[in-house]
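Colleague: Let me give you the structure first, and then I'll get to my questions.
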Amino acid sequence: MHNHLWWKRGIIYQIYPRSFQDTNGDGIGDLEGIRRRLDYLTWLGVDAIWISPVYPSPMADFGYDVADYCNIDPLFGSIDDFRLLLDDAHGRGLKVVMDFVPNHTSIAHEWFQQSLSAKDHPKRDWYIWRDPAPGGGVPNNWVSSFGGPAWTFDEATGQYYYHAFLSSQPDLNWRNPDVCCAMHDVLRFWLDLGVDGFRVDVIWHLMKDPDFRDNPVNPGYGEGRGEIEKFLQVHSTDHPDVHGVIAGMRKVIDAYPDRVLIGEVYLPVERLVTYYGQDLSGAHLPFNFQLLEVAWQAQRVADLIVEYDRSIPDGGWPNWVLGNHDRPRVAARIGEKQARVGTMLLLTLRGTPTLYYGDELGIGKIHIPDHLVHDPWEKNEPGLGLGRDPERTPMQWDASEAAGFTTGTPWLPLSSDHLSRNVVLQREDAASMLNLTRALIALRRSSAALSVGTFALLKLQGDMLAFERRYSEERVIVVLNLCHNEECWDMPADVVGKILLSTGLRAPDEPVSGSICMQPDEGVVIRCH
């Protein structure tokens, strides 16, 4: 397995730093908090941590509005704190992946302030400025992903600037070579510091239609959906020229050994896989979010796995995501019992898995009262259930009042069951979600078949999903019951094996052959003789 790069054989753990561990009592997590919890992460068994943005920011979008790409916001600590975290993580064998936000900056960034100052300023073309439409008004019909127009008018210069998200997040103009050079220098700054790679925010947004044509109306739009869905984003995102931009980033990354480039791409599979780039010159791992949105049925899940697997270009490496900071937690989507099955799926599929903090505890849906809402998307389009606060709540470490996250008041509320759903209690419970996750990680790390082996879908029966992983002589079968009823699955005729791990109470080493009767909401991993 060690012949495979760490980002192929390893497991990535996403940390939302505001919510992981607070050490100064302000109710917001910080870098020192992450550093103090590194022993937990090595105990859990993950290989890398991906840290959501910690750059200086006005926090209009909680760090995704960057005011300085080469420093740390005092809210999280200092650049020295980051160096210490990086050194301590590396000392424990953990890789560190940073979030990189190249599509837009904050309006507070000095680049934008210079661009705003005059139409003839050299930085003017670092952002996307357009004259009003003939007769006045916005240049086209593009809308913000957070609702409302994507154009804001500047009275002083008589032009509009484009922002795919908040008006305080103006988009950079990646068609300007000076922007490319400046952002490549940002990558080099952190690579020289020792980071092991980047997850690139909204990478499919970076290049827009140079003619700024209107987006077509979405014929499938319905009430109760976000305004962004009124139009098909065919001219404002996923422009073919984006692949040249990503290839430029990749060249920077490839100048440093053993680093990874991950791209956030919310697109259908046939478009997603183009982000591997021509001759694999794009992202090493274009994030595959298909499991976040699929109907939780065996046939639907099987179809997407097969479609994705056969769409990946030769030499490309797959990856899987079950939860992140922008989508409801897995236990909120499919329930706590099926979340155990989902975790087994995530950690046994072929490809790099990314595990979201707190999902290893089975944290579910958390109600955020209106007066405690922070997410700007929810504030812009209230009542549609688009808010992302519920999946960003503090990590639950123990049964104290603030769950061991802070000595102050947490910036977001904890789950109502945090007194019983926390790391301390679940570590002592052999049947807990936490110990199941840890056991799955350990099994994956010990098995070449599960880490880097081949994948083959096996026959579907009822609502059961089954597949085989192989590496050399090692053969492993995974059977997952995606329903709440007992189901039996007929084993391949040549299979005699034993249970390695179950999501339920089944004893390890139980022999299996012929058929296996699965309990409701159970998944098993079988070692074939």
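Colleague: What share of all Cα pairs of segment 208-301, in percent, falls into each consecutive 5 Å distance bin?
Modeller: Percent of pairs per bin, in order: 2, 11, 16, 18, 18, 15, 10, 6, 2, 0.
Colleague: If you place +1 on the Cβ of every Lys and Arg and -1 on the Cβ of every Asp and Glu, how big does the dipole about the Cα centre of the chain come out, in debye to the nearest 20?
Modeller: With Lys and Arg at +1 and Asp and Glu at -1, about 1140 debye.
Colleague: Now a separate question. Hey, rough spin-label estimate for residue 258 and residue 110, points 7 angstrom out along Cα→Cβ, what's it come to in nanometres?
Modeller: Once both label points are built, they end up 3.5 nm from each other.
Colleague: Let me know the charge dipole size of segment 41-158 about its Cα centre in debye, to the nearest 20, where only the beta-carbon of Lys, Arg (+1) and Asp, Glu (-1) is charged.
Modeller: 260 debye
Colleague: Starting from the Cα of residue 270, step 7 Å along the direction of its Cβ; do the same at residue 181; then give the gap between the two resulting points in nm.
Modeller: The modelled label-to-label distance comes out at 4.0 nm.
Colleague: Using per-residue counts of other Cβ atoms within 10 Å, averaged over each peptide, order 167-175, 395-403, 179-187, 94-102 from highest down.
Modeller: Ranking, from highest mean packing down: 94-102, 167-175, 395-403, 179-187.
Colleague: For the chain, compute Rg over Rh where Rg is the Cα radius of gyration and Rh is the Kirkwood radius from the inverse mean 1/r over Cα pairs.
Modeller: My calculation puts Rg/Rh at 0.97.
Colleague: What residue among 404, 147, 367 has its Cα farthest toward the positive end of the dipole of the chain, where the charges are +1 on Lys, Arg and -1 on Asp, Glu, each on the Cβ?
Modeller: 404
Colleague: Hey, rough spin-label estimate for residue 336 and residue 278, points 7 angstrom out along Cα→Cβ, what's it come to in nanometres?
Modeller: 5.3 nm
Colleague: Just want the answer: with Cβ charges of +1 for Lys and Arg and -1 for Asp and Glu, which residue in 274, 156, 115 is farthest toward the dipole's positive end in the chain?
Modeller: Among 274, 156, 115, the one farthest towards the positive end of the dipole of the chain is 274.
Colleague: Then there is this: Given an 8 Å cut-off on Cα distances and at least 6 residues of separation, report the relative contact order of segment 371-495 as a percent.
Modeller: After rounding, I find 12 percent.
Colleague: Additional query: Taking the alpha-carbon distance from residue 95 and a cut-off under 16 Å, which aspartates and glutamates remain once sequence neighbours fewer than 8 residues away in the same chain are dropped?
Modeller: Straight-line reach from residue 95, under 16 Å: 39, 47, 87, 192, 196, 258.
Colleague: A further question follows. Nearest 5 is fine: what % of DSSP beta bridges in the chain come out antiparallel, could you say?
Modeller: The answer is about 65 percent antiparallel.
Colleague: Where Rh is the Kirkwood radius over the Cα pairs of segment 245-300, the temperature 4 °C and the viscosity 1.567 mPa s, what D in µm²/s does Stokes-Einstein return?
Modeller: It comes out at roughly 104 µm²/s.
Colleague: Would you kindly calculate the translational diffusion coefficient of segment 110-162, applying Stokes-Einstein with the Kirkwood radius from alpha carbon pairs, for 20 °C and a viscosity of 1.002 mPa s, and quote it in µm² s⁻¹ without decimals?
Modeller: 185 µm²/s
Colleague: Projected onto the charge dipole of the chain (+1 at Lys/Arg Cβ, -1 at Asp/Glu Cβ, origin at the Cα centre), which of 344, 315, 499 gives the Cα projection farthest towards the positive end?
Modeller: 499
Colleague: Another question, then. Cα atoms only, segment 381-466: Rg and Dmax in Å?
Modeller: In Å, with Rg to one decimal and Dmax whole: 18.7, 53.
Colleague: For a bin width of 5 Å, list the pair-distance distribution of segment 291-332 built from all Cα-Cα distances, rounded to whole %.
Modeller: 5, 19, 26, 21, 18, 10, 2, 0
Colleague: Moving to a separate point now. Counting other C-beta atoms within 10 Å, which of 19, 515, 78 has the fewest, and how do the rest follow?
Modeller: 515, 78, 19
Colleague: Explain nothing, just the number: dipole magnitude of segment 327-425 about its Cα centre with +1 on each Lys and Arg Cβ and -1 on each Asp and Glu Cβ, in debye rounded to the nearest 20.
Modeller: Here segment 327-425 has a charge dipole of around 440 debye.
Colleague: When the helix-only estimate is applied to the chain (DSSP H runs of n ≥ 4, each -39,500 (n - 2.57), divided by the residue count), what is the mean residue ellipticity at 222 nm, nearest 500 deg cm²/dmol?
Modeller: That calculation yields -7000 deg cm²/dmol at 222 nm.
Colleague: Hey, what's the Cα Rg ratio for segment 426-473 versus the globular rule of thumb, 2.2 N^0.38 Å?
Modeller: Dividing the Cα radius of gyration by 2.2 N^0.38 Å gives 1.45.
Colleague: May I pose another question? Can you give the extra length, in nm with one decimal, that the chain gains between residue 221 and residue 42 once fully stretched, where that is 0.36 nm per residue apart less the Cα-Cα distance?
Modeller: My answer for the length gained is 59.9 nm.
Colleague: Can you give the relative contact order of the chain as a percent, counting alpha carbon pairs under 8 Å and 6+ residues apart?
Modeller: About 13 percent, as a whole number.
Colleague: Pull up the cross-link candidates among the lysines for residue 119, meaning alpha carbon to alpha carbon under 23 Å and not fewer than 8 places away within one chain.
Modeller: Those lysines meeting the cut-off are 208.
Colleague: Which lysines have a Cα lying under 16 Å from the Cα of residue 365, excluding residues fewer than 8 positions away in the same chain?
Modeller: The reachable lysines, counting only those whose Cα sits under 16 Å from residue 365, are 337.
Colleague: Can you tell me the length gained on complete extension of the stretch residue 454 to residue 119, counting 0.36 nm per residue apart and subtracting the Cα distance?
Modeller: 115.0 nm
Colleague: Work out, step by step, the length gained on full extension between residue 90 and residue 529: first 0.36 nm times the residue separation, then minus their alpha carbon distance; give nm to one decimal.
Modeller: 154.3 nm
Colleague: In addition: Sorted by mean Cβ packing within 10 Å, highest first, what order do the peptides 459-468, 329-338 take?
Modeller: Descending packing order for the listed peptides: 329-338, 459-468.
Colleague: Okay, next question. What translational diffusion coefficient, to the nearest whole µm²/s, does segment 454-528 have by Stokes-Einstein, given a Kirkwood radius computed over alpha-carbon pairs, a temperature of 10 °C and 1.306 mPa s viscosity?
Modeller: After rounding, the answer is 130 µm²/s.
Colleague: Starting with the fewest neighbours, write out 70, 483 ranked by other beta-carbon atoms found within 10 Å of each beta-carbon.
Modeller: 70, 483
Every read-out reported here was derived from the displayed coordinates using simple, explicitly stated rules and does not represent laboratory data. Everything quoted here is computed from the prediction, not taken from an experiment. Heads up, the Cβs are rebuilt from the backbone with ideal geometry, glycines too, and the neighbour counts pull from every protein chain shown.
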